[in-house]
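Asks: Structure below; questions to follow.
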Amino acid sequence: MKNIELNQLTTNQRRLLQLGVAIVLVVFLAGFFLLRKSPTPEPEQKNETVYIQDSTLYVFDDTISIAEYP
């Protein structure tokens, strides 16, 4: 049987490969935690009332004319 060499890298090449993998991992984790740290702020509703006055419907900050509908 032939002796098969599975890893053909030299010691210096192995160290460079390990360093590259470690740098990629650190950059990925830093980016992940920086993106997770800043949550999107929830929109603030100023007006929380809903009421009808004459033929106008007031819903939060929107005004809808009911006379337009059949």
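Asks: So which of GLU48, GLU44 is part of a loop (DSSP other than H, G, I, E, B) and over 28 Å from the mean Cα position of the chain (by Cα)?
Replies: Residue meeting the stated conditions: GLU48.
Asks: Another question, if that's okay. Of all residues in segment 1-38, count the ones that are assigned to a helix (DSSP H, G or I) and either aromatic (Phe, Trp, Tyr) or within 38 Å of the chain's Cα centre (by Cα) (or both).
Replies: Final tally of qualifying residues: 25.
Where a number appears in this text, it was derived from the coordinates with a stated rule and is not lab data. What you see is a predicted model; the values in this text were computed from it and never measured.
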